[in-house]
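The values are calculated or read from the model by the stated rules, or taken from the named source; none is laboratory data. Bear in mind that the values here come from a model prediction, so they are computed numbers and not experimental data. Cβ atoms come from the backbone with ideal geometry, glycine included; neighbour counts cover every protein chain shown.
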Amino acid sequence: MAVKVGFIGAGGIARYHAEHLAKIKEARIVAFCDLSKERAEKMAREFGAGSYTDHRRMLEKEELDAVYICIPPFAHQDQEILAAEKGINIFVEKPIALTLKKAEQIEAKVLENKVITSVGYQQRYLDIADRLRLILKGKRAGAFFGYWMGTMPLVSWWRRKEESGGQIIEQTTHIFDMARYLFGEVEKVFAISRTGLMSEVKDYNVEDASSVSLYFKDGLIGTISSACFLSCGFKVGMDIYLKDMVIEYRWGRSLKIIEEKRTEKVLAGNDPGFLEDQVFIEAVRTADPSGIRSDYSDALKTLKLTLAADESLRTGKVVKV
């Protein structure tokens, strides 16, 4: 039987996942919920599902096997907790929350009810991420430089720190997560930032740019920089430095492996977001989460890291993770 799926949130990222699920024969979308009745109904018509404006009613009325929670960071309230209490498996987009307290409450509930979880760090599912991990296996990187340099997203909540968490927590979290996926856990961080470049943007209070120094438990050092003030030159990725090799990872696109006598470029050959959704649906269908590369508890570690970086921005101090 098909895995019956509901959506909480019917915006752009919900559409991204819904379009994947529509191509997966083991999945069936049965409902969309959004505070905007018009948006929920539009998605429901397109995907042949029901529509709701109250997630509590949807979770009560529909017999769901899984729910996709695709809402802005500030909107996480009781959605995951209610789903977990009903034994509904959960896919949630990043960031999973804006506070450690909220995320830990949710983690406790999903563990208590033994529901399968997956979090939207889709870059972990790239074939070139697999290749990168294979290259790094048994080697010791000396340093890396990660970056997310781009423009300010158009949605109004993104530019308000209290609603998005800021670029580090909402967007560059992908780079922090990839650093954890490749290199393990971070011991402490130190961060600096600047603002004031976006005077033409009304009501924004996020940082224009930031730079975070990371000290890993195995001795690796790294820097992750963010910027949201650019009008051109979008650049996202990571450069990794080893004694005998430099690896340039370009977000979702390619690896460039530079050695003394050879250079190799490897292009991405799969759709990581589709695979991420396919793996989650199969995990729910078979009750086997072993293929999931970022569950809620793992994503909580990435949230802790980005919250520590944000604390360092505020305090100007080195912060232990």
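In the stretch 278-308, the qualifying residues are those that are of a type in the set (Ser, Thr, Tyr) and surrounded by fewer than 17 Cβ atoms within 10 Å (Cβ to Cβ), and the one that is nearest to residue 95 (Cα to Cα) is 297. Taken over the stretch 32-58, the criterion of being among the hydrophobic types (A, V, I, L, M, F, W, C) and within 25 Å of residue 121 (Cβ to Cβ) is satisfied by 32, 33, 43, 47. Looking at the stretch 240-277, which of the residues that are farther than 30 Å from residue 24 by Cα and either surrounded by 17 or more Cβ atoms within 10 Å (Cβ to Cβ) or among the hydrophobic types (A, V, I, L, M, F, W, C) (or both) is nearest to the chain's Cα centre (by Cα)? Across the stretch 240-277, the extreme among qualifying residues is 240. Would the stretch 257-265 turn up any residue that is of a type outside the set (Val, Ile, Thr), in the same structural domain as residue 145 (by TED's automatic domain parsing) and in contact (Cβ under 8 Å) with a residue 60 or more places away in the chain? No, that holds for no residue. Within the stretch 224-239, restricting attention to residues that are part of a strand (DSSP E or B) and hydroxyl-bearing (Ser, Thr, Tyr), the residue that is surrounded by the fewest Cβ atoms within 10 Å (Cβ to Cβ) is 225. Here is the figure for the stretch 157-187: residues that are assigned to a helix (DSSP H, G or I), of a type in the set (Gly, Ala, Ser) and in contact (Cβ under 8 Å) with a residue 60 or more places away in the chain total 1. Take the stretch 147-156 and flag every residue that is in contact with a Leu (Cβ under 9 Å, 6 or more places away or on another chain) and either crowded, with 22+ Cβ neighbours inside 10 Å or assigned to a strand (DSSP E or B) (or both). Answer for the stretch 147-156, where residues must be in contact with a Leu (Cβ under 9 Å, 6 or more places away or on another chain) and either crowded, with 22+ Cβ neighbours inside 10 Å or assigned to a strand (DSSP E or B) (or both): just 149. For residue 179, the test of being farther than 14 Å from residue 95 by Cβ, buried (at least 21 other Cβ atoms within 10 Å of the Cβ) and in the same structural domain as residue 311 (by TED's automatic domain parsing) is passed. Of all residues in the stretch 176-198, those satisfying the criterion of being aromatic (Phe, Trp, Tyr) and closer than 16 Å to residue 135 by Cα are 181, 183. Is it the case that some residue within the stretch 268-283 is assigned to a loop (DSSP other than H, G, I, E, B), within 12 Å of residue 117 (Cα to Cα) and in contact with a helix residue (DSSP H, G or I) (Cβ under 7 Å, 6 or more places away or on another chain)? Checked the stretch 268-283: no residue is assigned to a loop (DSSP other than H, G, I, E, B), within 12 Å of residue 117 (Cα to Cα) and in contact with a helix residue (DSSP H, G or I) (Cβ under 7 Å, 6 or more places away or on another chain). Would you confirm whether any residue within the stretch 120-141 is over 29 Å from residue 278 (Cβ atoms), modelled with pLDDT of 95 or more and assigned to a strand (DSSP E or B)? Checked the stretch 120-141: no residue is over 29 Å from residue 278 (Cβ atoms), modelled with pLDDT of 95 or more and assigned to a strand (DSSP E or B). Across the stretch 167-186, the number of residues qualifying as within 18 Å of residue 73 (Cα to Cα) and among the aliphatic types (A, V, I, L, M) comes to 3. Scanning the stretch 302-321 for residues that are in a helix (DSSP H, G or I) and of a type in the set (Val, Ile, Thr), we see that the one that is nearest to the chain's Cα centre (by Cα) is 302. When you check residue 207 against the structure, is it outside the structural domain of residue 180 (by TED's automatic domain parsing) and either charged (D, E, K, R) or assigned to a strand (DSSP E or B) (or both), yes or no? Against the criterion (outside the structural domain of residue 180 (by TED's automatic domain parsing) and either charged (D, E, K, R) or assigned to a strand (DSSP E or B) (or both)), residue 207 does not qualify. Among the residues of the stretch 99-129, those that are basic (Lys, Arg) and buried (at least 16 other Cβ atoms within 10 Å of the Cβ) comprise 102, 109, 124.
Condition check: assigned to a helix (DSSP H, G or I) and touching a residue at least 12 places away in the same chain (Cβ under 8 Å). Does residue 103 satisfy that? For residue 103, the condition - assigned to a helix (DSSP H, G or I) and touching a residue at least 12 places away in the same chain (Cβ under 8 Å) - is met.
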